[in-house]
Protein chains: 2
Amino acid sequence: MKRIRLTVAYDGTAYCGWQIQPNGITIEEVINRALSRLTGEDIAVIGASRTDAGVHARGNVAVFDTMSAIPPERFAYAVNTVLPEDIAVVKSGEVPGNWHPRYAESVKSYEYRILNQEMPDPLRRKDTWHVSFPLDIDKMRQAAAYLTGEHDFRSFCSIHTGVKSTVRTIFSLDLDREDAVIVIRIKGNGFLYNMVRIIAGTLVDVGRGFYSPGEVRDILEAKERKRAGATAPPQGLILSSIEYGRN
Amino acid sequence: MKRIRLTVAYDGTAYCGWQIQPNGITIEEVINRALSRLTGEDIAVIGASRTDAGVHARGNVAVFDTMSAIPPERFAYAVNTVLPEDIAVVKSGEVPGNWHPRYAESVKSYEYRILNQEMPDPLRRKDTWHVSFPLDIDKMRQAAAYLTGEHDFRSFCSIHTGVKSTVRTIFSLDLDREDAVIVIRIKGNGFLYNMVRIIAGTLVDVGRGFYSPGEVRDILEAKERKRAGATAPPQGLILSSIEYGRN
């Protein structure tokens with residue numbers, strides 16, 4: 001028996017998120033089916049991040065156990081032949097049998113993309129949030145500085161059932177403008193439910209002048225969800241990578 | 001009666017190209033329907049570029065005549081409310097009644113995007129050509145230099161019925177690498193049928209070593225379609241803009 005780790009990329013547009021659920025097709029389910037077909041076994045992967053409906057990934061991680069003779073690093077190529085074109089495994093390899101993608105320490109990186117121009121762009125409608133009013137990126141950067149570091153992010157969390165602590169560390173939170181697209185790049189040791197999207201929504205409120213940059217510190221200290229901005233829509237969010245210290 | 005010019009952006013994935021045809025839905029048709037619904041008139045636009053199935057645009061141009069009281073520059077906003085989200089009018093304005101988007105002199109700019117990495121990226125499958133073998137961008141640039149300027153591009157044209165001359169001028173042809181994506185940017189006074197896609201296919205053949213850069217000059221001089229590389233797939237192509245000298 002071998003434990004295989006997959007690095008998974010997907011366009012989340014057509015899916016009800018990662019995690020299997022009764023109504024609607026999910027990414028986890030499609031990967032399970034593809035691996036089961038490939039191996040002839042009944043495969044159920046364990047995912048690192050249960051991304052929401054419409055959210056994308058370039059580097060989500062999943063593991064599964066198999067008796068298959070397919071060499072671990074060849075699984076990526078093999079499974080892509082049976083996956084639909086909106087899901088791809090970009091890397092595969094063997095990990096120790098007790099390695100778990102959610103319990104192993106990791107650094108997660110996300111991108112949130114805002115199309116900041118008056119008119120819509122049909123080519124970017126599925127991977128950006130279209131914000132038609134002008135945004136002051138310098139003010140957004142000032143606000144972002146308050147969020148960097150170790151904080152209790154309770155104000156930036158939709159639901160916190162089952163979470164022991166709402167303290168997380170953001171290692172970096174950078175904003176860049178690439179033509180009409182503002183890219184928020186955020187790296188941390190873990191993220192609460194909807195945390196990146198609430199941060200994006202709040203930074204947009206700063207950019208349009210609804211909050212001053214300093215108010216973001218107050219929002220953080222309030223530890224109340226209702227104080228922060230709206231949850232930004234899912235299609236702007238991409239799980240870029242999950243880096244593990246070992247393996 | 002006013003003649004209105006529209007600048008049109010679209011994701012071409014779902015359409016059988018620009019031009020109305022008996023089988024399958026086209027962009028021209030969807031725009032005609034939206035404008036007819038908006039004005040209560042029977043509108044038929046004249047397009048500048050009849051892009052192929054799967055080809056995208058950020059700046060195609062179309063005109064139509066109307067008695068509508070909608071101010072010319074407000075048509076963009078009005079028609080977007082009745083267009084599907086994969087087509088958008090990004091600008092509108094009045095032009096003289098005899099102005100024609102195909103007969104007026106113009107500079108057309110295209111981008112062709114190549115995703116050059118071993119593994120696929122589901123998020124770029126609809127706006128790039130995935131080329132998994134390594135490409136030598138320096139050799140592609142050397143080859144591109146032979147194509148710049150005024151030449152007979154007969155070797156880079158699929159069909160030339162109805163075209164008086166196959167001589168065209170390429171003002172610039174630049175290649176850039178942006179992460180894993182090679183972007184070919186090409187600007188000219190006009191393009192023959194499939195010309196940009198055949199140039200892209202030929203440059204990829206240079207990048208992988210099938211042709212030397214100097215052979216592209218020979219291909220150009222041969223004036224035979226079969227000498228050039230394959231027509232690159234449509235989804236990598238974007239009509240970026242059409243600039244007119246006046247109006």
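Mean residue ellipticity at 222 nm, helices only, chain A: -6000 deg cm²/dmol; runs of at least 4 DSSP H residues each add -39,500 (n - 2.57), and the sum is divided by the number of residues. Peptide B:81-90 is shielded by partner chain Cβ atoms: per residue, an average of 3 of them sit within 10 Å of its Cβ. Around the Cα centre of the range A:48-117, unit charges on the Cβ atoms of Lys, Arg, Asp and Glu (plus for the first two, minus for the last two) sum to a dipole of about 140 debye. Among the GluC sites (Glu not before Pro) found in the range A:60-117, those both in a DSSP coil and sparsely packed, with 13 or fewer other Cβ atoms within 10 Å of their Cβ, are A:GLU85, A:GLU105. Pairing chain B with chain A buries about 2000 Å² of accessible area. This figure sums both sides and uses a 1.4 Å probe. With the convex hull of the Cα atoms taken as the outline of the range B:176-246, the averaged projected area works out to 6.1 nm².
The long axis of helix A:195-207 is offset from the longest Cα principal axis of chain A by roughly 30 degrees. Rounded to the nearest 10 degrees, the angle from helix A:137-147 to the longest Cα principal axis of chain A is 70 degrees. Convex hull of alpha carbon positions in the range B:49-139: directionally averaged projected area 9.0 nm². Probing with 1.4 Å while keeping every protein chain in the model, the per residue accessible area of the range B:56-115 equals 43 Å².
Computed from the mean reciprocal separation of all distinct C-alpha pairs, what Kirkwood hydrodynamic radius does chain B have, in Å?
Final number for the Kirkwood radius of chain B is 18.9 Å.
Straight Cα distances below 19 angstrom link A:LYS2 to the lysines A:LYS91, with same-chain residues fewer than 8 positions distant left out.
First measure r as the distance between the Cβ atoms of A:ASP65 and A:ALA180, then evaluate 1/(1 + (r/R0)^6) with R0 = 56 Å and state the FRET efficiency to the nearest 0.05. Write down the numbers at each step before the final one.
Numbers: r = 46 Å, r/R0 = 0.82.
Taking R0 as 56 Å, the efficiency between A:ASP65 and A:ALA180 is 0.75.
Provide a whole-number value for the mean count of partner chain Cβ atoms within 10 Å of the Cβ atoms in peptide A:6-13. Write out the running numbers ahead of the final one.
Details: counts 0, 1, 1, 6, 3, 6, 2, 2.
The mean count of partner-chain Cβ atoms within 10 Å per residue comes to 3.
Neighbours of B:TYR112 by Cβ distance under 10 Å: Lys/Arg scored +1, Asp/Glu scored -1, total +2. In nanometres and ascending order, the distances from the A:GLY24 label point to those of the other copies are 3.0 (point 7 Å from Cα along Cα→Cβ). Taking GluC sites (Glu not before Pro) across the range B:1-63, the ones in a DSSP loop with at most 16 further Cβ atoms lying within 10 angstrom of their Cβ are B:GLU41. In the range B:1-136, what percentage of the DSSP-assigned beta bridges are antiparallel, given to the nearest 5? Roughly 90 percent of the beta bridges in the range B:1-136 run antiparallel, per DSSP.
Treating only the Cβ of Lys, Arg, Asp and Glu as charged (+1, +1, -1, -1), what charge dipole size does chain A show about its Cα centre? Round to the nearest 20 debye.
Numbers: 31 positive and 30 negative charges, 92 e Å.
The calculated dipole for chain A is roughly 440 debye.
Positive-end ranking of B:ALA78, B:GLY17, B:LEU220 along the dipole of chain B, with charges on Cβ about the Cα centre, is headed by B:LEU220.
By how many nm would the segment from A:ASP152 to A:ALA14 grow when fully extended, if each residue of separation counts as 0.36 nm and the alpha-carbon distance is taken off? Present the calculation step by step, with values, prior to reporting the outcome.
Numbers: separation 138, 0.36 × 138 = 49.68 nm, distance 3.36 nm.
Answer, rounded to one decimal: 46.3 nm.
Over all other residues within a Cβ to Cβ distance under 12 Å of A:ILE242, the charged ones net out to +4, with Lys and Arg as +1 and Asp and Glu as -1.
Taking all protein chains together and rolling a 1.4 Å probe, B:ASP138 ends up with roughly 90 Å² accessible. A convex hull fitted to the Cα coordinates of the range B:1-46 yields 86 cubic angstrom per residue. About the centre of its Cα atoms, the range A:1-85 shows a dipole size close to 220 debye [charges on the beta carbon of Lys, Arg (+1) and Asp, Glu (-1) only; nearest 20 debye]. At the listed q of 0.13 Å⁻¹, the Debye profile of the protein assembly as shown, built from one uniform point per Cα, gives log10 I(q)/I(0) equal to -1.28.
For the range B:1-84, the ratio of Cα radius of gyration to the globular rule of thumb 2.2 N^0.38 Å stands at 1.03.
Each copy carries a label point for A:ASP65 at 7 Å from Cα along the beta-carbon vector; from one copy to the others these points are 7.6 nm apart, nearest first. Counting Cβ atoms of other protein chains within 10 Å of each Cβ in A:116-122 and taking the mean gives 6. Highest mean packing first, where packing is the average number of other Cβ atoms within 10 Å per residue, the peptides B:181-191, A:74-84, B:200-210 line up as B:200-210, B:181-191, A:74-84. The value obtained for the range B:169-214, namely the Cα convex hull volume divided by the number of residues, is 86 Å³ per residue.
By the rule of a C-alpha distance below 30 Å, with chain neighbours fewer than 8 residues away ignored, the lysines paired with A:LYS223 are A:LYS108, A:LYS139, A:LYS164, A:LYS187.
For the range A:196-234, which GluC sites (Glu not before Pro) are in a loop by DSSP, counting at most 13 other Cβ atoms within 10 Å? Spell out each step's value before the answer.
Numbers: sites: A:GLU215, A:GLU221, A:GLU224; in loops: A:GLU224.
Here the sparse-neighbourhood loop sites are A:GLU224.
For the pair the range B:173-193 / the range B:17-61, the C-alpha centres are spaced 25 Å from each other. With the convex hull drawn around the C-alpha atoms of the range A:117-227, the volume per residue stands at 105 Å³.
The values are calculated or read from the model by the stated rules, or taken from the named source; none is laboratory data. Computed from a predicted model, the values in this text were never measured in an experiment. Because the Cβ atoms are built from the backbone with ideal geometry, glycine has one as well, and the counts that use them run over all protein chains shown. SASA here: full protein model, heavy atoms, side chains in, ligands and nucleic acids out. Shrake-Rupley method; radii C 1.70, N 1.55, O 1.52, S 1.80 Å.
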